Amino acid sequence: MQQSATLKRSLGLGAIVLLGIGYMTPMVVFDTVGIVSGETGGHVPTAYVIALAAMLFTALSYGRMVRVYPSAGSAYTYTQKALNPHLGFMVGWSSLIAYVFLPMTNAFLTQIYMSALFPSVPSWMWVIGFAAFVTIVNAMGMKSTSNLNTLLVVFQFLVIVIFIVLAARALYNGVGYGTIFTIEPFYKSGMDTSGLIAGATLLCFSFLGFDAVTMYSEETPNPVKTIPRAIFLTALAGGVLFITVSYFVQALFPSVNDFHDPSSASPEVALKVAGQLFQAFFLAGALAGTIASGLASHASVSRLLYVMGRDGVIPRKIFGYVHPRLHTPLFNVIIVGIVTCSAILFTLDTATSFVSFGGLVAFTFVNLCVIAHYAVKKKEINSPMKIIVNVIAPVIGAAFVGLLWFNLEEVSFKLGLIWTALGVLYLMYLTKMFKQKPIDIAFDEAEESSYIETEEDTETAGKEKRKTS
């Protein structure tokens with residue numbers, strides 16, 4: 001009997017971390033700093049610290065769950081196995097909309113950047129061109145996606161380093177606060193705590209990406225060891241980067257009134273730091289960021305669709321298909337590309353609203369899954385350390401996410417509830433009004449069948465066999 005094609009395990013720790021950082025888009029800090037400066041009263045770095053704290057606790061929960069279920073299904077799989085299959089479907093449904101709309105968000109941003117450079121070209125052409133490009137690269141294989149993503153992320157780092165050097169020079173020459181080192185962007189007497197929390201809620205969007213690396217669990221040789229490290233390193237590296245950059249931007253622009261247009265502050269920041277030449281270079285870095293994020297998010301949602309298709313939650317013949325030569329879920333890659341083209345029918349606010357809602361749903365249930373699996377099911381609460389990692393840490397993570405829920409914009413909540421209602425209707429259809437037994441994932445079989453040996457894997461297995469003999 002011929003073995004069906006599966007995903008190929010070709011990604012190491014560094015490649016996965018860079019995919020996560022590329023997904024998060026390092027340059028996004030410049031796009032959000034103006035709006036968040038208004039929300040926080042000029043304390044964007046502090047809002048990033050709060051957001052990072054929330055995300056690190058949740059990152060620990062992702063790391064705990066991926067050790068048990070190293071599947072590309074992420075929060076969908078964890079909730080289905082640790083809590084309830086029906087609930088797992090709904091978490092997967094909510095996460096799906098977040099992952100689907102993120103490539104669309106990047107298509108929007110690409111359209112904005114390119115239309116500014118070439119105003120005579122119809123804006124919809126940039127959306128179609130972006131969708132076609134990321135679809136072709138992802139269809140060619142995960143290795144090609146990873147290599148291109150690495151180049152784009154490195155270029156963004158180069159732009160950011162140059163910006164920090166130029167910003168430090170401007171501060172030294174008396175711009176903004178007029179000093180390179182100051183605590184003002186982080187703390188002032190009379191700071192508005194509610195404004196900081198509201199700002200952190202907006203910045204939560206910037207961290208979507210550290211959780212997406214779990215989608216590559218079936219494409220790394222040792223997911224139980226590699227993925228937890230990649231999750232934590234992605235969140236930490238992204239947070240440190242965001243805090244550092246936002247500090248220099250806030251020091252240059254102490255008040256939101258210093259921005260002519262807070263909603264699109266990045267070109268203004270670049271122009272004030274070093275003039276039009278650097279502004280053009282800066283814009284190239286921003287474009288690289290949207291492409292890198294588009295590649296990574298496109299790959300992630302294709303894998304989520306693959307797992308749901310493989311499990312039979314959605315049609316298996318289409319969504320559970322893997323190309324025998326490319327080892328990519330080719331149909332899913334094409335479908336996501338087509339959906340990305342529909343960005344011409346939506347607004348940027350709508351896309352980001354869906355992304356925020358879906359991300360918070362996933363974060364909430366992953367924290368709950370740690371408690372359900374380790375503390376309730378496995379009873380691993382017989383020592384102070386186990387109580388900390390299996391109960392206290394996920395409770396803190398859930399509490400932080402709860403604050404983000406409380407401050408979620410009304411439009412995000414309403415659109416999310418509409419999407420959730422559609423998911424409930426579809427689930428009722430799948431289970432015949434909940435009368436049928438829900439689809440049960442044969443996790444062990446799925447995990448075993450998804451393993452593709454590389455030359456390195458074969459060599460390692462041979463050494464272990466000889467050692468045992």
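Details
- Tilt relative to the chain, helix 44-68 - C-alpha long axis, 0 to 90 degrees, to 10: 10
- Inter-probe distance in nm under a simple model that places probes 7 Å from Cα toward Cβ, at residue 124 and residue 277: 4.0
- Rg over Rh, two decimals, the chain (C-alpha only, Kirkwood Rh): 0.98
- To the nearest ten degrees, helix 223-252 and the longest principal axis of the Cα atoms of the chain are 10 degrees apart.
- Under the Karplus curve 6.51 cos²θ - 1.76 cosθ + 1.60, θ = phi - 60°, whole-Hz ³J(HN,Hα) for the range 349-360, x wherever Gly or Pro sits: 4, 5, 4, 5, 5, 5, 5, 4, 4, x, x, 5
- Ellipsoid equivalent to the range 62-110 - semi-axes via the Cα gyration tensor, in Å: 25, 13, 6
- Each other residue within a Cβ distance under 11 Å of residue 389 adds +1 if Lys or Arg and -1 if Asp or Glu, for a net charge of +1.
- Against the chain, whose longest principal axis comes from its Cα atoms, helix 142-172 is set at around 20 degrees.
- Exposure rule at most 14 other beta-carbon atoms within 10 Å, DSSP loop trypsin sites (Lys or Arg not before Pro): the chain longest free segment: 1-187
- Neighbour cut-off at most 10 other Cβ (10 Å), DSSP loop, chymotrypsin sites (Phe, Trp or Tyr not before Pro), the range 97-192: 181, 187
- Dividing the summed helix terms, -39500 (n - 2.57) for each DSSP H run of n ≥ 4, by the number of residues in the chain produces a 222 nm estimate of -23500 deg cm²/dmol to the nearest 500.
- Pairs from 188/414; 379/435; 317/377; 225/378 whose Cα-Cα separation, in the structure shown, is over 29 Å: 188/414; 379/435; 317/377
- Where GluC sites (Glu not before Pro) fall in DSSP loop in the range 328-418, at most 16 other Cβ within 10 Å: 380, 409
- Taking all protein chains into account, the per residue accessible area for the range 301-406 stands at 44 Å² (1.4 Å probe).
- The chain - percent of accessible surface contributed by carbon and sulfur, probe 1.4 Å: 67
- From phi via Karplus (6.51, -1.76, 1.60), per-residue ³J(HN,Hα) for the range 413-428 in Hz, x at Gly/Pro: 5, 5, 5, x, 5, 4, 5, 5, 4, 5, x, 4, 4, 5, 5, 4
- Across every direction, the projection of the convex hull enclosing the Cα atoms of the range 80-203 has a mean area of 13.7 nm².
The values are calculated or read from the model by the stated rules, or taken from the named source; none is laboratory data. These numbers were taken from a predicted model, which means no experiment stands behind them. No Cβ is skipped: glycine too gets one built from the backbone with ideal geometry, and neighbour counts run over all protein chains shown. Heavy atoms of the whole protein, side chains included, go into the accessibility calculation; ligands, DNA and RNA do not. Shrake-Rupley method; radii C 1.70, N 1.55, O 1.52, S 1.80 Å.
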